[in-house]
Structures are given as structure tokens and as C-alpha cells.
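The values are calculated or read from the model by the stated rules, or taken from the named source; none is laboratory data. Only a predicted model underlies this, so the values are computations on that prediction, with no experimental measurement involved. Glycine also receives a Cβ, built like all others from the backbone with ideal geometry; neighbour counts cover every protein chain displayed.
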Amino acid sequence: MAIVKATVVRDQNANTLSGVQVDTALIGSAGTRISAGYTGGMYVVAGTQTSSLAPVILDLANASPGDTITVKKYTTAVIGTGAAQVVVVSGSAAGAVVGAFQVGTASPNQVTAVFDGVQWR
């Protein structure tokens, strides 16, 4: 019987600080797609929101049951109209809503999602 070793691949790029992915790009109606193993468990949205409803899409590929990703808003950096909202969804832009946060200091500033083997919840 052979020994099996697990391999974890983590992306490293200019927007990664201490294993945390920080996105400062424009966030439009097409949204931003992130994957398990890419963010190190934390994804910070610090860009300028250009759509009143911008999705952050949690990709199903590479996700294992029990994986968690926290999507966090950097203060009020995600800007837009007063009704602007960032929606965290599972799988695709039309997927189930995991959570959301709005612009404003009194609004929740993070969403923590857990993958249950089928979708993010």
C-alpha cells in the first residue's frame, strides 16, 4: 500500500498580502470570481464598485467539503449609490445568495461561506 500525500496549490500574485487576496480592481455587474485555494481563506474587496449590485462569485471548482472563505469589505472603499450592495453567491452570478453587504459604516462588512460538498452556504 502506497503513501498518499495531499497537495495544496495557492496562487501568489501582487494582490496577495500575507496569504490574503486583496482586490482593488473595479467591481462591475459581471462580478469577481474567486476559488478555494486561491484566496487562502480570506478575500478583501477594496476596489471601486461600478454596479449597484456587484456579485462576488465563489467558484465550485477546487472546493472541498468544509472549506471556508471569508469575503470582507475594506471600510467604505467599495463605493456606489446609496443602494449599492455586494452579493456573495455560490457557483455563478445566478447562484444562491450566500450573503451580502452594503455600502455604509453600519452595514455588515463580511460574509463567511462554508462549502458543504454541493454549494457554498
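General observations
- Residues located in region 42-65, provided they are small (Gly, Ala, Ser), surrounded by fewer than 18 Cβ atoms within 10 Å (Cβ to Cβ) and at pLDDT 80 or above: 61, 64
- Among the residues making up region 9-41, a single one is under 14 Å from the mean Cα position of the chain (by Cα), among the charged types (D, E, K, R) and modelled with pLDDT under 75: 23.
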